[in-house]
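Let me begin by presenting the structure, written as structure tokens, before commenting on it.
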Amino acid sequence: MSDKLFVYNTLSRKKEVFEPINPPFVGMYVCGPTVYGDAHLGHARPAVSFDLIYRYLKHLGYNVRYVRNITDVGHLVNDADQGEDKIAKKARLEKLEPMEIVQYYTQSYHKNMEQLNTLSPNIEPRATGHIIDQIEMVKKIIDNGFAYVVNGSVYFDVEKYNKKYNYGKLSGRNLESLRTNTRTLQMQDEKKNNFDFALWKKALPEHIMRWPSPWSEGFPGWHIECSTMSTKYLGERFDIHGGGMDLVFPHHESEIAQSVAANKTEPVKYWIHNNMITIKGQKMGKSLNNFITLNDLFSGNNKVLSQAFSPMTIRFFILQAHYRSTLDFSNEALIAAEKGLKKLLNVFNVFDKLKTSGKSSFDVKEIQDKCYQAMNDDFNSPIVIAHLFDAVRMINSVKDNKETISAPDLELLKKIFNVFVFEILGLKSEKDNDQTELIDGLMQMILSVRQNAKNNKDYATSDKIRDELLKLNIKVKDTKDGAEWQFE
């Protein structure tokens with residue numbers, strides 16, 4: 001792989017060289033959450049995946065404008081054009097105003113994102129803050145002949161659009177399959193075709209969230225929100241649009257159609273989609289009621305969890321799989337991720353203990369090159385992590401005097417780990433936590449007790465302390481300079 005960055009484009013279904021429209025500026029839009037409940041592990045994956053992409057593009061020197069929206073209206077419970085708004089439903093059940101629901105869960109989402117160490121987007125627009133913009137875009141689509149008004153609602157004319165353009169090119173679907181497989185739902189007989197989708201819906205009397213428009217008092221369709229906000233902040237054509245694979249159809253497919261119908265140009269150069277998190281092979285999500293919230297993971301308060309897991313363990317778990325691969329959740333997988341993360345971060349405690357020599361017995365520059373090659377190959381974080389673990393083994397060999405490293409190479413190695421572990425992968429040292437300092441203090445006390453036992457030739461006690469610590473995945477190693485410990 002060359003030093004060029006290659007990204008997989010869902011639209012072309014192949015890896016392409018990343019060439020921004022207006023370098024060094026990069027416009028990136030990512031579909032954010034519908035804020036009607038606590039964020040779960042499925043929400044964490046796109047957040048971490050696109051944070052990785054954002055971090056790497058910034059590292060390469062691009063000026064990235066990262067826009068991630070908040071959906072606070074228009075997303076109906078069955079993802080179609082009927083039923084109750086998800087946020088309005090939650091507000092009704094909780095006996096609260098919809099915007100109370102929005103505010104509470106937006107703040108909760110932001111807290112979880114901060115815990116996962118994701119960088120904040122440059123702009124985070126809300127759908128309700130752009131109602132006028134959405135109405136104006138719907139007007140343009142009507143004026144260009146690709147939408148029609150029925151009983152106060154406005155629908156996108158998919159069949160008419162498809163005659164001039166190609167509806168389905170992102171998802172690979174065609175109109176005939178849609179005609180056959182799309183159900184006609186109750187109150188949708190006003191559409192010309194059952195696969196047409198709403199740009200604006202007339203509000204029923206019981207619908208709480210509504211705004212005036214030229215067609216009716218109502219609310220925007222789910223798809224028009226992202227088309228409007230991405231255009232407003234990134235222009236009619238921008239570089240990257242991201243989200244989960246479950247959004248490819250109908251959401252992103254409809255976004256393309258709306259933007260082309262309104263602006264007569266393809267909106268996005270690179271469509272990037274992360275794959276799903278599964279649990280026992282089934283997609284994890286609220287609709288299936290098999291999700292685990294991030295707060296549950298951080299507290300351990302869930303029957304499928306044996307313990308609490310730190311936010312960095314969750315981030316590391318997600319980064320261990322390529323963003324386009326499925327990632328199957330299990331308690332055992334999280335335990336393995338926790339163990340791996342501790343081994344990776346422990347290397348920072350080893351650096352200052354290494355003795356340098358005149359030359360290195362391994363190629364440090366090659367490690368750096370391999371890490372960049374992996375990132376340039378469609379942001380391949382698991383390969384980066386594998387190369388870093390190779391380096392960990394080499395570092396431990398140097399510590400054990402089995403290999404050598406020169407002073408310049410040691411400085412380069414420290415730089416490699418700082419850049420890739422902290423800056424690009426976005427992991428944080430466990431030493432950032434007060435609890436870790438407490439653990440360090442306790443371990444020093446335990447090792448002191450063990451050393452006293454050894455000094456008194458009480459080897460049974462010394463061995464028992466070592467063995468009991470090992471049961472807790474804490475490995476004690478005796479060296480000529482004293483005992484050392486690390487998480488196994």
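No value in this document is a laboratory result; all are computed from the given coordinates. Please read all numbers here as calculations on a predicted model, not as lab measurements. In this analysis, Cβ positions are derived from the backbone assuming ideal geometry, glycine residues included, and neighbour counts consider all displayed protein chains.
Quick notes
- Label point distance in nm, Glu403-Ala333, each placed 7 Å from Cα along Cα→Cβ: 3.0 nm
- Per-residue Cβ neighbour rank within 10 angstrom, fewest leading, Tyr270, Tyr54: Tyr270, Tyr54
- Amide H contacts under 5 Å for Ile279, placed H, 5+ residues apart: Met284, Phe329
- Calculated FRET value between Glu114 and Thr265, using beta carbons and R₀ = 51 Å, to 0.05: 0.90
- Across segment 67-219, the fraction of Cα-Cα pairs farther apart than 28 Å, rounded to a whole number, is 31%.
- Ascending count of other beta-carbon atoms within 10 Å, so fewest first, for Ser310, Ser230: Ser310, Ser230
- J(HN,Hα) series, segment 4-12, from Karplus relation 6.51 cos²θ - 1.76 cosθ + 1.60, nearest Hz, glycine and proline x: 6, 8, 10, 10, 7, 9, 4, 5, 8
- Computed from Cα atoms, the angle from the helix 407-417 axis to the main principal axis of the chain rounds to 40 degrees.
- Summed residue charge, Cβ within 12 Å of Val26's Cβ, Lys/Arg positive, Asp/Glu negative: +1
- Förster-model FRET efficiency, 60 Å R0, Lys454 and Arg237, C-beta, rounded to 0.05: 0.30
- Residues in segment 162-171 carry Karplus couplings, in order, of 5, 5, 9, 10, 10, 7, x, 5, 6, 8 Hz; the curve used is 6.51 cos²θ - 1.76 cosθ + 1.60 with θ = phi - 60°, and Gly or Pro positions show x.
- Over the chain, Cα pairs under 8 Å with separation of 6+ residues give a relative contact order of 17 percent.
- Taking a sphere under 12 Å around the Cβ of Ile123 and counting the other residues whose Cβ falls inside, with K and R at +1 and D and E at -1, yields a net charge of +3.
- Helix 222-234 axis versus longest C-alpha principal axis of the chain: approximately 70°, rounded to the nearest ten.
- Convex hull projection area averaged over all views, segment 274-329, Cα basis, nm²: 3.9 nm²
- Summed side-chain charge close to Gly235 - residues other than Gly235 whose Cβ falls under 13 Å, Lys, Arg +1, Asp, Glu -1: +1
- Centre separation in Å (Cα based) which lies between segment 232-300 and segment 137-179: 20 Å
- Here the chain carries DSSP beta bridges of which approximately 55% are antiparallel, counting only pairs with both residues inside.
- Label zone of Asp363 (point 7 Å out along Cα→Cβ, amide N under 20 Å): in segment 407-422 this covers 407-417.
- The distance linking segment 6-35 with segment 46-71 is 10 Å (Cα centroid to Cα centroid, whole angstrom).
- Phi angles of segment 364-375 translate, via the Karplus equation with coefficients 6.51, -1.76, 1.60 and θ = phi - 60°, into HN-Hα couplings of 5, 4, 5, 4, 4, 4, 5, 5, 5, 4, 5, 5 Hz per residue; Gly and Pro are given as x.
- In degrees, nearest ten, helix 331-350 long axis to first principal axis of the chain (Cα): 50 degrees
- Cα centre as origin, Lys/Arg/Asp/Glu Cβ charges: the chain dipole, Debye: 620 debye
- Percentage relative contact order, segment 6-274, counting C-alpha pairs under 8 Å, at least six apart: 25 percent
- Sequence ranges 44-50, 64-70, ranked by mean other-Cβ count within 10 angstrom, highest first: 44-50, 64-70
- Put simply, the amide H of Phe25, placed in the peptide plane, has neighbours under 5 Å in Asn63, leaving out anything fewer than 5 places away on its chain.
- Per the Cα gyration tensor, segment 6-274 maps to an equivalent ellipsoid with semi-axes of 28, 24, 16 Å, ordered largest to smallest.
- Virtual spin-label span in nm between Lys353 and Leu442, 7 Å along Cα→Cβ: 2.1 nm
- Annotation: amide H of Ile474 within the under-5 Å range of Glu488, sequence separation 5 or more or interchain, hydrogens built in the peptide plane.
- Where N is the number of residues in segment 279-431, Cα Rg divided by 2.2 N^0.38 Å: 1.19
- Each peptide in 248-257, 13-22 gets a packing score, the mean of other Cβ atoms within 10 Å over its residues, and the list from highest to lowest is 248-257, 13-22.
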